[in-house]
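Notes to accompany the following structure.
The values are calculated or read from the model by the stated rules, or taken from the named source; none is laboratory data. Remember, it's a predicted structure, so these values are computed and weren't measured experimentally. No Cβ is skipped: glycine too gets one built from the backbone with ideal geometry, and neighbour counts run over all protein chains shown.
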Amino acid sequence: MNFNPAKCEIEPSSPNLSDGGDHHDDSETGHRRHSSDRDGPSLSRFDSAVLSDGLPYTILRPLERRALSVNLSLMGLCCSISISIYWVALTEMMRDFNITEEQVNLTITAYLVFQAVSPVVVSNMSDHYGRRPILLICLAGGTAANIGLAVCSTYWLLMLMRCVLALFFSPIISITSSVIGDFTTRRDRGGVSGIVLGFTLIGQGIAPFLGSLFDTRWGWRAIFWFSGAYSGTVFAITLVMFPETRRSIVGNLSHRPKNWIHCSPPLLYFGKRLIDVEGSTLEPSLSLVYNPLEPLLLVKEPEVVWVLLPSAIFYCTFTMSQTSLTTNLAQEYNYSTLKIGLCFLAPGIGTVVGTVMSGKLLDIRYRSTKKKYVTRWELEKQQEGGNGADVDNEDNVNEMNEDRSRPFEADTEQSQSTPDGRAFPLLNIIKARLSLFGWSTAVVVIFVLVYGWCSQERKSVAAVLIGSFFMTVGSQYPLSAAMTLMVDLHPQTSGAATSMNNLFRCGFGSIFVSCLAKMNTAMTLGGTYSLMAGLCLLSGVSVHVLLWKSEEILDRKAVREARQGDSE
């Protein structure tokens, strides 16, 4: 086996998936091509990173990975649509239930509270018991809750059903992030995460428009009937098409799961690709004792707080602007429900633009950072004159990957060694993911002020929607980058890591939304969003401090993990 620093991966000298045909080097991918697929699939068919034993990181082909990403996006839409689809009907529900604006806002706050807490408990279960069974339970429970909302007739039941809906639907976003970590490596994770998260937030942006269509034609109850029908359809699609992806259960998906709850129709489709009989691609299992509070232990790591707190502030600003847009257009501009729904297309389109850009930028910046990393490696080799250990030597590769219990992942964060045996610095994944944070902060701060003060002074609706559009575009990069970085830093407990991301975002979101009406009364709408602009600015500054200290933080993280490994 040869270590290729340009790809940060191990290239097998004789791949296990060989079919006995002629082999040809592919300089573009760093993998070996095979002349035939008579006895088994070749590495070139997968366009995948390579594990230490020559197997692909995932047996999913590019088209299958895209299909899985679409399935994840549809699941994410279930959650995001449920948050905001009824916002355009808030004033109508106030009349029907005879409640105040503050009381109707509590239905949003209650959802956000459970959206913050539920993933901490439930998403961590997917790390222990698998992705597929937990996702199916969440989709089934959320469908039932939507039906309950459609038929409820009292305010207390409305609140209860919103809490139940959040209990089942909110873990879906965290679990889909974990699934992405199961079949992607760092070189393409940013793009896939951006697309899936983008569709999730698109739902939050366009859902009010869809809600306005149903409310105008059939009333607000039709909104929840539609949500129930959609989530039920996604449940059926997932039941038929979604395979188990947890790497401690199925490895790179070529290992047939032992428990029936992880079996699925796609196993029949994979057919001859299920060749890992001995489980050589399986990652080590987590502790058999399930601890629902285990994700909270991540708060002890400073990089987690430094990443998630700024992201939470941006999410709060985005959610508050969506909430106030409904009541402001209804009360100050006397817009009908349908017109309000049309206005929500501005942030909806902004979400599409922002997430596509964010995914591309995350991948581009990662490749750029890795290129500098490789250049530095090669410079070290030249300065040492090639003396010392040979990086192409198989024994040295094994030294660089001493933890053989975990497959060597392409684009890994593990430290390597220079030719004279000195430790080579870690690839700075924090800089790779967060280096553009300052630009997005500037965009958000400027257009939060535009949105807030144009709404306050009752300027043209066009100015308000332009502010909402660009604020939404700018906020997508911090949200995508934080989620991707959490999976990068904690690949084996990605469910716990992404649930903490959800806890921070929705926990702070629930606090700010519950205070929104009082903040507007005390500070006016312009003052409220001036405060949020200031908090976003402080968040951007704190991220730059993190970037400044990133190498030291990553070194300390490596030391902590090494000590934990020794203790185990």
Taking the range 198-228 and keeping residues within 25 Å of the chain's Cα centre (by Cα) and aliphatic (A, V, I, L, M) leaves L201, I202, I206, A207, L210
Given the criteria crowded, with 22+ Cβ neighbours inside 10 Å and modelled with pLDDT of 90 or more, does G509 qualify? no
Just give me the residues in the range 294-307 being over 24 Å from H128 (Cα atoms) and either surrounded by fewer than 24 Cβ atoms within 10 Å (Cβ to Cβ) or among the acidic types (D, E) (or both), in sequence order. P302, E303, V305, W306
Identify all residues within the range 332-346 that are under 17 Å from E92 (Cα atoms) and not in a helix (DSSP H, G or I); write none if there are none. E332, Y333, N334, Y335, S336
Checking the condition assigned by TED's automatic domain parsing to the domain that holds T441, closer than 30 Å to I466 by Cα and of a type in the set (A, V, I, L, M, F, W, C), which residue from L342, L253, L297, L282 passes? L342
What's the total number of residues in the range 242-275 that are surrounded by fewer than 18 Cβ atoms within 10 Å (Cβ to Cβ), of a type in the set (S, T, N, Q) and within 25 Å of S73 (Cα to Cα)? 1
Report yes if some residue within the range 456-470 is surrounded by fewer than 24 Cβ atoms within 10 Å (Cβ to Cβ), among the basic types (K, R) and either in contact (Cβ under 8 Å) with a residue 60 or more places away in the chain or in the same structural domain as T100 (by TED's automatic domain parsing) (or both); otherwise report no. yes
Criterion first (buried (at least 19 other Cβ atoms within 10 Å of the Cβ) and at pLDDT below 85) does L516 satisfy it? no
Taking the conditions exactly as written (under 23 Å from the mean Cα position of the chain (by Cα), closer than 26 Å to A89 by Cβ and modelled with pLDDT of 85 or more), does I237 satisfy them or not? no
Among the numbered criteria (1) crowded, with 21+ Cβ neighbours inside 10 Å; (2) within 30 Å of T484 (Cα to Cα); (3) at pLDDT 85 or above, which one does Q322 miss? (3)
Right, T238: in contact (Cβ under 8 Å) with a residue 12 or more places away in the chain, surrounded by fewer than 23 Cβ atoms within 10 Å (Cβ to Cβ) and assigned by TED's automatic domain parsing to the domain that holds L267 or not? yes
Scan (1) crowded, with 23+ Cβ neighbours inside 10 Å; (2) in contact (Cβ under 8 Å) with a residue 40 or more places away in the chain for the single condition Y230 breaks and write down its number. (1)
Tell me, which residue of the range 353-377 that is surrounded by 15 or more Cβ atoms within 10 Å (Cβ to Cβ) and hydroxyl-bearing (S, T, Y) is farthest from S69 (Cα to Cα)? Y373
Output yes when any residue across the range 281-292 is under 25 Å from F512 (Cβ atoms) and either at pLDDT below 80 or not hydrophobic (A, V, I, L, M, F, W, C) (or both), and no when none is. no
Here are some conditions: (1) free of Cβ contacts under 8 Å to residues at least 60 places away in the same chain; (2) part of a loop (DSSP other than H, G, I, E, B). N252 meets all but one. Which one does it not meet? (1)
Return a yes/no flag: does the range 198-213 have any residue that is at pLDDT 85 or above, within 25 Å of S82 (Cβ to Cβ) and in contact with a Pro (Cβ under 7 Å, 6 or more places away or on another chain). no
So, in the range 464-517, how many residues would count as being touching an Asp or Glu at 6+ places or on another chain (Cβ under 8 Å) and within 17 Å of L325 (Cβ to Cβ)? 1
